[in-house]
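The values are calculated or read from the model by the stated rules, or taken from the named source; none is laboratory data. Quick caveat, the model's predicted, so the values are computed rather than measured. Note that each Cβ is placed from the backbone with ideal geometry, even for glycine, and that neighbours are counted across all protein chains shown.
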């Protein structure tokens, strides 16, 4: 049985197809991403399709797992469409916002704020983390933030696109999923409890958007629908789409 792994990093998308029984490499494919610190998520989708085609297609692949760059912010409206280009981990405009989050949770004491953030989420906000970008987004683009119904990471968004029906660019915001590895780099996930952290009062970053459902164990998250399968590198009906399939490290 052949399985495929997708790595959608900052610079490119890679697809690797292996034999699940012995790990033998069957084939690979690659497609470039545009440079920059913010990008239309559709570029990731087109690169995934190109990389899959470069790998010889996915017709004979039984299952697909998606991994992607961490920390990015994909803001979606109630219909599942992006309200703006995605903010990537390397966008540093949120540096001041990160400091504000630390100060607020510490009641003005930076060291206390750092300790409280670490206790609640396992990290201390810096410019690259999603929670800092959420604060920057809410403060500098309030009209777009108000339209935002859900926030996804690049990994979450790509998985949702694979599960969509292919009729347009929107995703099902109610069906977003993530994994503990990717979620641990957001700043609003409690890695001990395995759920979105409610402890830091500032963790919501003044944005009322929902986040993707987390999951610790590797399990099937959904199937690619037939209508969309014909549009995504010949993925056949019934293609399984996995997320949470093992530990995820930072991909840049």
Filter result for residue 99 (surrounded by fewer than 23 Cβ atoms within 10 Å (Cβ to Cβ), farther than 19 Å from residue 10 by Cβ and modelled with pLDDT under 95): no
Members of segment 102-125 that are touching a residue at least 24 places away in the same chain (Cβ under 8 Å), surrounded by fewer than 16 Cβ atoms within 10 Å (Cβ to Cβ) and farther than 18 Å from residue 181 by Cα: 104
Filter result for residue 94 (within 26 Å of residue 184 (Cα to Cα), buried (at least 22 other Cβ atoms within 10 Å of the Cβ) and modelled with pLDDT of 95 or more): yes
Check on residue 161, more than 20 Å from residue 77 (Cβ to Cβ), part of a helix (DSSP H, G or I) and in contact (Cβ under 8 Å) with a residue 60 or more places away in the chain: no
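Got at least one residue in segment 20-42 being in a helix (DSSP H, G or I) and either surrounded by fewer than 21 Cβ atoms within 10 Å (Cβ to Cβ) or at pLDDT 95 or above (or both)?
yes
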Enumeration of residues in segment 44-57 that are under 22 Å from the mean Cα position of the chain (by Cα) and either in a loop (DSSP other than H, G, I, E, B) or crowded, with 17+ Cβ neighbours inside 10 Å (or both): 44, 45, 47, 48, 49, 50, 51, 52
Subset of segment 2-19 that is within 15 Å of the chain's Cα centre (by Cα) and not in a strand (DSSP E or B) - its residue that is nearest to residue 162 (Cα to Cα): 9
Residue that is farthest from residue 65 (Cα to Cα) [pool: residues in segment 144-157 that are in contact with a helix residue (DSSP H, G or I) (Cβ under 6 Å, 6 or more places away or on another chain) and in a helix (DSSP H, G or I)]: 145
Meets criteria (buried (at least 17 other Cβ atoms within 10 Å of the Cβ), under 18 Å from residue 47 (Cα atoms) and modelled with pLDDT of 95 or more) for residue 86: yes
Residue list for segment 70-83, restricted to those being surrounded by fewer than 23 Cβ atoms within 10 Å (Cβ to Cβ) and on the phi > 0 side of the Ramachandran plot: 80
